[in-house]
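Below you'll find the structure, written out as structure tokens, and then a few comments.
The values are calculated or read from the model by the stated rules, or taken from the named source; none is laboratory data. Owing to the predicted nature of the structure, the values given are computational and were not obtained by experimental measurement. Methodologically, a virtual Cβ is constructed for each residue, glycine included, from the backbone with ideal geometry; neighbour enumeration extends over all protein chains shown. All accessible areas refer to the heavy atoms of the entire protein, side chains included, with ligands and DNA or RNA removed. Shrake-Rupley method; radii C 1.70, N 1.55, O 1.52, S 1.80 Å.
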Amino acid sequence: MATGFVFHELYLWHNTWNWNQVFPPSLTVQPGTHAENPETKRRLRNLLEVSGILDHLVTIKPRRATVEELSRVHTPAHIARIREISDRGYGDASSLTPLGAGSYEIALLAAGGAIKAMEAVITGQVDNAYALIRPPGHHATADVGMGFCLFSNAAIAIRHAQQLHGLTRIATVDWDVHHGNGTQAIFYDDPSVLSISLHQDNLFPANSGAIAENGEGMGKGFNINVPLPPGSGPGAYAAAFERVVIPALARFKPELIVVPSGFDASGVDPMGRMLMNSSGYRRLARMLLDAARELCGGRLVMTHEGGYSEMYVPYCGLAVIEELCGHRTGVEDPWDQLMGQWGGMSAQPHQTAIIDQAAELVKNIN
Ligand SMILES: [Zn+2]
């Protein structure tokens, strides 16, 4: 199995400042590092190197996306605004989304990294790919950046695949702990993209990601949300995959699957209240790989989103990438077994009740 890997040092130079995520800065609590800082991404990349798995991956060099490529998803006003803030040297894309000098160019490199990963999979250069890109993208809508996201990397890559490579049916499975509201909004009336998001119920954005948000117009039925209760662990996620995600993919029959991949559903993440561990993510990756092999020649592209535990994101990322390329490094996650013994790791009745409701949506895919 050939797995592509996208990374660039500049991804870590995107400056989110130390404003306690509040803009403008306030003199209330001592400023600290922004949650969306380079550290988790750098540490994941470092573990890939130290574990030796990088030698088993195919390096895919990113390029900057063009304004034309961005414009397939974003409005000219939004693109110009991000560029203006970046050229000025500091500012906030909306709320909670600070950027600094050069962030515009780095965001182009992130979107272009997603495009390059997509192209490598479509052309058969690799079987699947993981794009460790930054800034993230799944909260950005057509006309606004939010939730640490400037441009919608996954959506830009999907439009590229459709318009330049002729793909007609692409599915997204977003396992970031927050709702993939941007991806949902961009494809909400579009039946060519099945958007599935599993997330902590009503976490971020507020009042976003309910089961009732099922698409509109021609896209009715092609948006599925699984708003899991706080405290959901590997059992609930696996049940949601078995009963919602995999049946939905089987019904939709995508030509390629995109995973906006956040590791902030882990049991030790500061930004979420879920209980996933690395073996839980590994299992989800395995299920998606099996579905992709059955439905679309194994074509699977993951684009990095959130994940804020400096000590744990690397283990989750390594587990997923081990599954993608089929190579085990032998690196043990020292926390996996400990977390596996926590209470609530299996699917709980109040969690399966939500999954049951979401499962009803599968039949709406026509
Ligand atoms: Zn997130």
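Some notes on this structure:
- Alpha-carbon Debye profile of the chain, log10 I(q)/I(0) at 0.13 Å⁻¹: -0.97
- Ignoring aspartates and glutamates fewer than eight residues from Lys220 along the same chain, the ones with Cα atoms less than 15 angstrom from its Cα are Asp189, Asp190, Glu360.
- Cα convex hull, segment 240-350: 108 Å³ per residue, rounded to a whole number.
- Ranked packing of 144-157, 72-85, most packed first, by mean Cβ within 10 Å: 144-157, 72-85
- Over all other residues within a Cβ to Cβ distance under 12 Å of Glu119, the charged ones net out to +3, with Lys and Arg as +1 and Asp and Glu as -1.
- Ratio Rg/Rh, restricted to segment 126-218 and using Cα atoms, in which Rh is the Kirkwood radius: 0.95
- Cross-link table Lys41/Lys253; Lys116/Lys363; Lys41/Lys116, entries beyond 27 Å C-alpha to C-alpha: Lys41/Lys253; Lys116/Lys363
- Each Lys and Arg Cβ is given +1 and each Asp and Glu Cβ -1; about its Cα centre, segment 176-264 then shows a dipole of about 260 debye.
- With the charge dipole of the chain set up from +1 on Lys and Arg Cβ and -1 on Asp and Glu Cβ about the Cα centre, the Cα lying farthest toward the positive end among the listed residues Leu275, Ile196, Trp342 is that of Ile196.
- Tail weight of P(r) past 13 Å, computed on alpha-carbon pairs of segment 1-71, percent: 75 percent
- Note on segment 1-56: with neighbouring protein chains present and a 1.4 Å probe, carbon and sulfur make up 55 percent of its accessible heavy-atom surface.
- Distances between placed amide hydrogens fall under 5 Å for Val258 paired with Ala171, Thr172, Val173, Val301, all partners being 5 or more residues away or on another chain.
- DSSP H segments from the chain that extend 20 Å or more along their own axis, Cα-based, with Kyte-Doolittle mean of 0.5 or above: 103-122
- Within the accessible surface of segment 206-321, defined with a 1.4 Å probe on protein heavy atoms only, the carbon and sulfur portion equals 54 percent.
- Phi angles across segment 233-246 convert, under the Karplus curve 6.51 cos²θ - 1.76 cosθ + 1.60 with θ = phi - 60°, into 3J(HN,Hα) values of x, x, x, 5, 5, 5, 5, 5, 5, 5, 9, 10, 5, 5 Hz, Gly and Pro given as x.
- Whole-number percent relative contact order across segment 120-262, with pairs defined as alpha carbons under 8 Å at least 6 apart: 23 percent
- Charged side chains reduced to their Cβ positions (Lys and Arg at +1, Asp and Glu at -1) give the chain a dipole of some 460 debye around its Cα centre.
- Panel values: segment 1-158, Kirkwood radius from alpha carbon pairs, Stokes-Einstein at 20 °C and 1.002 mPa s, translational diffusion coefficient 134 µm²/s.
- Relative contact order (percent, whole number), the chain, Cα cutoff 8 Å, 6+ residue spacing: 18 percent
- Computed with a 1.4 Å probe on the full set of protein chains, the accessible area for Ser26 sits at about 50 Å².
- Share antiparallel - DSSP beta bridges, segment 1-150, percent rounded to 5: 35 percent
- Structural size metrics of segment 298-346, computed from C-alpha coordinates, are Rg and Dmax of 12.8, 36 Å.
- Of all DSSP beta bridges confined to the chain, the antiparallel ones make up roughly 10%.
- Segment 31-165: relative contact order in percent, alpha carbon pairs under 8 Å with at least 6 residues between: 26 percent
- Estimated FRET transfer efficiency when R0 is 30 angstrom, pair Met218-Ala80 (beta carbons, to 0.05): 0.50
- Taking amide H as placed 1.01 Å from N in the peptide plane, Gly215 has its amide H under 5 Å from the amide H of Gly221, Asn223, each at least 5 places away in sequence or on another chain.
- Taking amide H as placed 1.01 Å from N in the peptide plane, His199 has its amide H under 5 Å from the amide H of Val226, Leu228, each at least 5 places away in sequence or on another chain.
- Reported to the nearest whole Å, the Cα centre-to-centre distance from segment 163-219 to segment 115-129 is 22.
- Within the chain, helix-based [θ] at 222 nm, where runs of 4 or more DSSP H residues each add -39,500 (n - 2.57), nearest 500: -11000 deg cm²/dmol
- Averaged per residue, the chain has 37 square angstrom of accessible surface, using a 1.4 angstrom probe with ligands and nucleic acids left out.
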